[in-house]
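> I have a structure here, written as C-alpha cells, and I will follow up with some questions on it.
The values are calculated or read from the model by the stated rules, or taken from the named source; none is laboratory data. Bear in mind the structure is a predicted one, so any value in this text is a computation, not a measurement. Virtual Cβ from ideal backbone geometry, glycine too; neighbours counted across all protein chains shown. For the accessible areas, the whole protein counts, side chains as well, though only heavy atoms, and no ligand, DNA or RNA atoms are used. Shrake-Rupley method; radii C 1.70, N 1.55, O 1.52, S 1.80 Å.
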Amino acid sequence: MTDRALTVVRSGALTTVQDLGRPGHAHLGVPRSGALDAPAAALVNRLVGNPPGSAVLETTLTGCALRARCAVTVAVGGAPCPVTVDGRPAPWGAAVGVPAGALLDVGAADSGVRSYVA
C-alpha cells in the first residue's frame, strides 16, 4: 500500500467514490451515474489542481472523517458544511492543507444534501 492515501475514520451515512459518470451510453442500458452534483465535484477538483473528471468523495447528509497518511491538499464543496483539520476550523469551498497524520472532519450538511471532497 502506498502512503499517498486517506484512511476513512468515519464514513458517515453514505459516502461513495464518484467521478463524472458514463454519459452517452443510455441507449445501451448504462445510466450516466457519477456525482449527483457534477459542477460541485468539478469545482473541488479544480480547487486542488486535480485533472477534470478525477474521482471525489461524495458524502450524503452526515459527512465523513479522514486521516491523511501524507500531507495533502483537499477542498470540500457542494452542500455547505463545517470543515475541521485536527479540530481547528478550516474553510469550506477552498483548498486546505492537511498535514500527514491530521484528521480532516467534514461535518453534516448545513443545507443541501451532498458535499464533495477532492
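> Select, from V17, V74, the only residue that is touching a residue at least 40 places away in the same chain (Cβ under 8 Å), aliphatic (A, V, I, L, M) and under 14 Å from R114 (Cα atoms). Spell out the reasoning first.
Details: V74 fails: under 14 Å from R114 (Cα atoms).
Only one candidate passes the filter, namely V17.
> In addition: (1) under 25 Å from R88 (Cβ atoms); (2) within 12 Å of the chain's Cα centre (by Cα): which one isn't true of S54, the others all being true?
S54 satisfies every listed condition except (1).
> Quick check on my filter: what residues within region 106-118 are of a type outside the set (V, I, T) and open to solvent by less than 40 Å² (accessible area, probe 1.4 Å)? So that I can check it myself, show each step before the final result.
The first filter runs over region 106-118 and keeps only residues of a type outside the set (V, I, T), leaving 107-112, 114-116, 118.
G107, A109, S115, Y116, A118 - these are the residues of region 106-118 that are of a type outside the set (V, I, T) and open to solvent by less than 40 Å² (accessible area, probe 1.4 Å).
> So which residues in region 73-93 are within 29 Å of P23 (Cβ to Cβ), open to solvent by 30 Å² or more (accessible area, probe 1.4 Å) and of a type outside the set (S, T, N, Q)?
Going residue by residue through region 73-93, those that are within 29 Å of P23 (Cβ to Cβ) are 73-81, 92-93.
Now restrict to residues that are open to solvent by 30 Å² or more (accessible area, probe 1.4 Å): 73, 80, 92-93.
Correct list: P80, W92, G93.
> Going by the structure shown, is S33 free of Cβ contacts under 8 Å to residues at least 24 places away in the same chain and of a type outside the set (F, W, Y)?
Working: free of Cβ contacts under 8 Å to residues at least 24 places away in the same chain: yes; of a type outside the set (F, W, Y): yes.
In short, yes.
> L103 versus (1) open to solvent by 60 Å² or more (accessible area, probe 1.4 Å); (2) over 13 Å from the mean Cα position of the chain (by Cα); (3) of a type in the set (A, V, I, L, M): which is the lone unmet condition?
So L103 meets the others, but not (1).
> Among the numbered conditions (1) of a type outside the set (A, V, I, L, M); (2) at pLDDT 95 or above; (3) closer than 19 Å to L14 by Cα; (4) out of contact with any helix residue (DSSP H, G or I) (no Cβ under 6 Å at 6 or more places or on another chain), tell me where S33 comes up short.
Every condition holds for S33 apart from (2).
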